[in-house]
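A.B. asks: Input: one structure, supplied below.
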Amino acid sequence: MLENLFSQIPHNASILDVGCLGFRQYQTSRRLNFAGHKHFGIDYTKPSEPIPKKFIFKYADLNKKPIPFKDDSFHLVIASHVMEHLRDPVQFFGDCLRVCKPGGLLYVEVPSERSLFLPGMPFKHDKFFSLSFFDDPTHLSRPWSPQSLHRLTRYFQCEPVHADYIYSLKHRLLFPALLAYAWITRNAQKLEIWSWGAVGWASYLVARKPLGTKGKSSFKYYIPER
């Protein structure tokens, strides 16, 4: 789903990657031949690898400070597996919308409530692969269902374009055999990938900031008429 968004924004679009270490979104954009995209990124750790040419990187501890960019700056904001590491993910979500341009898109990916279904990773602990939400001690907040992401978008008076689990039908159908293979070979990486794909370990959301909204969207809790 995320790759499809690169084709839905202007060819000279500005993209912010929150949690950009590894520069995966930059590499994806280049692989898809969107050379005109302008890339910006923030993280709480300075990258050990070389920063790509023309990539604007800023250091920020988002538990202490807001996103260090001006209002209405980006056509696309990406926050993949960031919210679960923050003490106030709701405020962070609103800050992501603040730096989106009116009509811009926000992509969020987080552990779903299904990440609580699995036990902890049983082997190869030094590789830091995860089965359970609780395998990562830096997870500070809660897992998120697609419904919770949809509601959060509505509370900020924005448009939820799509929210769902990230899963693989192939992994789901073949999971008993894949699980046995990963366990026998003690391959923690494959056990993580196949388990995540089978259960829908992560949720994602695509949201749009309304064209008429500038700056920070106001938060309004409500219960709709039923």
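The values are calculated or read from the model by the stated rules, or taken from the named source; none is laboratory data. In this text the structure is predicted, and so the values were computed from the model without any measurement. Quick reminder, even Gly has a Cβ in these numbers, built from the backbone with ideal geometry, and neighbours come from all protein chains shown. Side chains included, ligands, DNA and RNA excluded: accessible areas come from the protein's heavy atoms. Shrake-Rupley method; radii C 1.70, N 1.55, O 1.52, S 1.80 Å.
A.B. asks: For the stretch 116-127, does any single residue satisfy the condition of being of a type outside the set (Phe, Trp, Tyr), open to solvent by less than 40 Å² (accessible area, probe 1.4 Å) and either within 30 Å of PRO68 (Cβ to Cβ) or in contact (Cβ under 8 Å) with a residue 60 or more places away in the chain (or both)?
C.D. replies: Going through the stretch 116-127, the residues of a type outside the set (Phe, Trp, Tyr) turn out to be 116, 118-122, 124-127.
Checking which are open to solvent by less than 40 Å² (accessible area, probe 1.4 Å) leaves us with 118, 120-121.
Filter again for either within 30 Å of PRO68 (Cβ to Cβ) or in contact (Cβ under 8 Å) with a residue 60 or more places away in the chain (or both), leaving 118, 121.
Yes: one or more hits.
A.B. asks: Let me ask something else about it. If ASN63 satisfies every condition in (1) over 21 Å from ALA202 (Cα atoms); (2) open to solvent by 60 Å² or more (accessible area, probe 1.4 Å) but one, which is the exception?
C.D. replies: Result: ASN63 passes all but (2).
A.B. asks: So the check is Cβ under 7 Å with 6+ separation or different chains; which pairs have a first residue in the stretch 132-156 that's more than 23 Å from TRP194 (Cα to Cα) and a second one that's assigned to a loop (DSSP other than H, G, I, E, B)?
C.D. replies: LEU140/LEU86; LEU140/ARG87; SER141/LEU86; TYR155/PHE219; TYR155/LYS220; TYR155/TYR221; PHE156/SER217; PHE156/PHE219
A.B. asks: Same structure, new question: For the stretch 46-92, which positions are outside any loop (DSSP other than H, G, I, E, B), touching a strand residue (DSSP E or B) at 6+ places or on another chain (Cβ under 7 Å) and in contact (Cβ under 8 Å) with a residue 40 or more places away in the chain?
C.D. replies: Of everything in the stretch 46-92, those that are outside any loop (DSSP other than H, G, I, E, B), touching a strand residue (DSSP E or B) at 6+ places or on another chain (Cβ under 7 Å) and in contact (Cβ under 8 Å) with a residue 40 or more places away in the chain turn out to be PHE74, HIS75, LEU76, VAL77, ILE78, ALA79, SER80, MET83, GLU84.
Residue-by-condition table, conditions (1) within 21 Å of THR138 (Cα to Cα); (2) at pLDDT 95 or above; (3) open to solvent by 50 Å² or more (accessible area, probe 1.4 Å):
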residue	(1), (2), (3)
LYS53	no, no, yes
PRO68	no, yes, no
ASP71	no, yes, yes
LEU76	no, yes, no
GLN91	yes, yes, yes
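A.B. asks: Please enumerate the residues belonging to the stretch 194-221 that are modelled with pLDDT of 95 or more, part of a loop (DSSP other than H, G, I, E, B), under 21 Å from the mean Cα position of the chain (by Cα) and farther than 19 Å from PHE129 by Cβ.
C.D. replies: LYS209, PRO210, PHE219
A.B. asks: Give the number of residues within the stretch 4-36 that are open to solvent by less than 90 Å² (accessible area, probe 1.4 Å), outside any loop (DSSP other than H, G, I, E, B) and over 13 Å from VAL77 (Cα atoms).
C.D. replies: Here is the first cut: in the stretch 4-36, the residues open to solvent by less than 90 Å² (accessible area, probe 1.4 Å) are 4-7, 9-10, 13-23, 25-26, 28-30, 32, 34-36.
Okay, now just the ones that are also outside any loop (DSSP other than H, G, I, E, B), so 4-7, 14-18, 25-26, 28-30.
Then keep just the ones that are over 13 Å from VAL77 (Cα atoms); that gives 4, 7, 28-30.
The number of residues fulfilling the criteria is 5.
A.B. asks: If you don't mind, another one. Filtering the stretch 160-188 down to residues that are more than 26 Å from ASN4 (Cβ to Cβ) and polar (S, T, N, Q), which residue is least open to solvent (accessible area, probe 1.4 Å)?
C.D. replies: Here the answer is ASN187.
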